[in-house]
Amino acid sequence: MSWFERLLPSKIRTTVRSRSVPEGVWCKCPSCDNVLYRAELERNLMVCPKCDHHQRMNARTRLESFLDEGERKEIAVEVKPVDTLKFKDSKRYKDRLTQAQRITGENDALLAMQGRVNGLPLVAVSFDFNFMAGSMGSVVGEKFVRAAKVALKNNIPLVCFSASGGARMQEGLLSLMQMAKTSAILTQLSNAGIPFVSVMTDPTMGGVSASLAMLGDINVAEPNALIGFAGPRVIEQTVRETLPEGFQRAEFLLEHGAIDMIIDRRQMRDRLSNILSMLQHRAIA
Amino acid sequence: MQLNFLDYEQPIAELEAKIDELRYMSNDSDLNITEEIQKLKEKSESLTKSIFSSLTPWQITQMARHPQRPYTLDYIKLLLTDFEELHGDRTYADDTALVAGIGRLNGRPVVAIGHQKGRDTKEKVARNFGMPRPEGYRKALRVMKMAERFGIPVITFIDTPGAYPGIGAEERGQSEAIARNLFEMAQLKTPIISTVIGEGGSGGALAVGVADHLMMLEYGIYSVISPEGCASILWKSPEKASDAAATLGVTSSRLKELKLIDEVVAEPLGGAHRNVPEMAKRVKQAIENKLKELEKIPTDKLIKQRQEKLLNYGAFEG
């Protein structure tokens, strides 16, 4: 009982009824504050039905909703992180990994699958922002390369959904080199005439945007996604100016010519399969 | 030139000051103190040796940023003859934080590219402290593609705190400019040799650092994030920069151990700035040796080797 309730005469005290609603059935849209029914939000691919705000999506939900139902094969499940530097700040890197693995149920921040979209065979990979901010370390780089090699071998397109804070500091220079590594495999795809579509979702920053994410034959962004090299706070501190409205948002990038288009998540399957089928001279399924 | 000493070099600085004082006195008087001076010089040398034999990663970071450290244009001047600087990205501007040009290394043409910090305040500002904007990276790429067309090898010098985090840089596609360089350098049909001469600051460094042979000067650093940046993110306090430097493994010896760089070029006693001509001589020798090797490799094989090297970066299980 709070001090205020105690002050009230007992007659007008109301007892708080215990909530009968289980946890997580309702949630609030972070953009418009409307209370949303969770099941409906999930049916709508985590896009707010009231204001179209695109909420972040974990990697598995992303790929499962993007690929056709049925035959899907996960790629490079066996690749797992190691702590080469024995990195320790306020916490051990090892412990951070274990914790992230427990929260997400994934080995690391990238998930890769082979499957189809509207019948069109392709390889799709997705970053998981819940796994240490989707940061790119050795495992992300290696899984990306292995996924790209499957695309190469089968002559099918590669689609990447990125959501990342950048390179993973806890792996030191090894993580920086993943930028060079992922860019190198993309030259092989490019020379083999295999399309690579990069879909940048909220947020795509730092080393990930400055390597694989900006190297799409087609660069796509989700509405209002934050995309850039340096984080807004770093820029603000450097230039000591307030940043312009909408700075580093998908719409800003479109206006400045950095991306081809913005696609609503609910149309992603149809529009990407259309573009890819044209690039590959295939009839649409 | 008056030498500039870092905090941990103070004992050396004091000795050197004494030597200077004695020299001054000996000019004034008939006293013969040459012997005394010689003794002190020897002492200073052995002191320098002992201090430099056990530098911490954070001390090395400070050395990499030493205000008197030789910069790209200093090396270009000492390594190359007939150098002609090439300006501009042909689209937007000439970024002076990243210089590019063509010159001769022992008579044979090479393209040289590198970050350039400024020496005095005015030049530092003009060169944006060696932090390139997208047009800098695009100039570098344009010049590298030219080198490829004419069959000229590329040598790059890395020395930057990082790519510039500014509004205009973002508007003009800083990410894309860096990514494009990584992509093109991974398949450039001419040998590339990169040397970290000072600070290798993250993506801004790597954007001219994808190479067949990656070298580092002994007291250079190369890191995914500055120790200060890492400390303020992970330790929530920039004062922990020395811990961050140690944990990140930013030094040449550690990176060689991790097989992330190919060669370490030893520095003269007390650091590159104490004997710039000697440092330049060693860098020149290392580049020449490697270039001779790389030039014998047919282009197809060279690209294949480079790709394999890039694809092998990483430590994981499975």
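The values are calculated or read from the model by the stated rules, or taken from the named source; none is laboratory data. Predicted, not measured: the structure shown is a model, and the values here were computed from it. When we count neighbours, we look across all protein chains shown, and the Cβ atoms used for this are built from the backbone with ideal geometry, even at glycine. Keep in mind that these areas ignore ligands, DNA and RNA; they rest on the heavy atoms of the full protein, side chains included. Shrake-Rupley method; radii C 1.70, N 1.55, O 1.52, S 1.80 Å.
A compact table of results
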quantity	calculated
Charge tally in the Cβ shell below 14 Å around B:Ile102, where Lys, Arg are +1 and Asp, Glu are -1, B:Ile102 excluded	+2
Span from the the stretch B:284-315 Cα centroid across to the the stretch B:205-262 one, whole angstrom	22 Å
Value of relative contact order over chain A, rounded to a whole percent, pairs C-alpha under 8 Å and six or more apart	13 percent
Cα centroid separation - the stretch A:80-123 against the stretch B:1-72, whole Å	50 Å
Heavy-atom accessible area ranking, 1.4 Å probe, most first, across A:Cys51, A:Cys160	A:Cys51, A:Cys160
Choice from A:Phe87, A:Phe129, A:Phe66 showing the highest fluctuation, given a GNM over chain A with Cα pairs closer than 10 Å	A:Phe87
Inter-label distance, nm, simple model (7 Å from Cα along the C-beta direction), B:Glu295/B:Lys77	2.7 nm
Accessible area, probe 1.4 Å, largest first, for residues B:Arg104, B:Arg306, A:Arg60	B:Arg104, A:Arg60, B:Arg306
Top of B:Gln174, B:Gln307, B:Gln38 by mean-square fluctuation, Gaussian network on chain B, Cα under 10 Å	B:Gln38
Three-way shape call for the stretch B:7-54 based on the alpha-carbon gyration tensor, with the a/c threshold at 1.5	oblate
Hits among aspartates and glutamates - C-alpha to C-alpha of B:Lys189 under 17 Å, sequence gap 8 or more where chains match	B:Glu148, B:Asp212, B:Glu293, B:Glu295, B:Asp300, B:Glu308
Long-range Cα-Cα pairs in the stretch A:56-280 (distance over 32 Å), rounded percent	15 percent
Accessible area (Å², 1.4 Å probe, nearest 10) - B:Trp235	50 Å²
Label-zone membership for the stretch A:161-191, site A:Arg233, 7 angstrom Cα→C-beta point, backbone N under 18 Å	A:164-170
Fully extended contour minus Cα-Cα distance, from A:Asp52 to A:Leu279, at 0.36 nm per residue	78.8 nm
Length-normalised contact order for chain B - Cα pairs under 8 Å, 6+ apart - percent	15 percent
Förster radius 60 Å - calculated FRET efficiency between B:Arg104 and A:Glu241 (Cβ-Cβ, nearest 0.05)	0.85
The stretch B:7-54 - charge dipole about Cα centre, Lys and Arg +1 at Cβ, Asp and Glu -1, debye rounded to 20	200 debye
Cα Rg, Dmax (largest Cα-Cα span) when computed across the protein assembly as shown, Å	27.5, 107
Threshold 40 Å² - residues in the stretch B:279-318 whose accessible area is reduced by that much or more when the chain is no longer isolated, probe 1.4 Å	B:Gln307, B:Leu310, B:Leu311, B:Tyr313, B:Ala315, B:Phe316, B:Glu317, B:Gly318
Top positive-direction residue, dipole computed over the protein assembly as shown with Cβ charges, set B:Thr195, B:Ile233, B:Gly209	B:Ile233
Computed [θ] at 222 nm, deg cm²/dmol, chain A (DSSP H ≥ 4; -39,500 (n - 2.57); rounded to nearest 500)	-10000 deg cm²/dmol
Anisotropy class of the stretch B:214-318 from Cα gyration tensor, a/c 1.5 cut	oblate
Shape of the stretch B:60-163, Cα gyration tensor, a/c cut at 1.5	oblate
Solvent accessible area, Å² - B:Ile60, 1.4 Å probe, full protein context	20 Å²
Pairwise label distance in nanometres, A:Arg43 with B:Ser50, each label 7 Å out on the Cα-Cβ vector	7.9 nm
Extension gain from B:Ala126 to B:Arg142, taking 0.36 nm per residue of separation minus the Cα-Cα distance	3.5 nm
Point-to-point label distance, B:Leu22-B:Leu3, nm (Cα→Cβ direction, 7 Å offset)	1.5 nm
Accessible-area ranking of B:Tyr164, B:Tyr24, B:Tyr75, largest first, probe 1.4 Å	B:Tyr24, B:Tyr164, B:Tyr75
Overall Cα dimensions of the stretch B:205-247 - principal axes, largest extent first, Å	37, 21, 11
Within straight-line cross-link reach of A:Lys88, lysines at Cα separation under 26 Å, skipping those fewer than 8 residues along the same chain	A:Lys80, A:Lys143, A:Lys181, B:Lys236, B:Lys240, B:Lys256, B:Lys259
Candidates B:Leu302, B:Leu105, B:Leu258, ranked by Gaussian network fluctuation over chain B, Cα under 10 Å, top entry	B:Leu258
Whole-number D in µm² s⁻¹ for chain B, Kirkwood Cα-pair radius fed into Stokes-Einstein, 20 °C, 1.002 mPa s	103 µm²/s
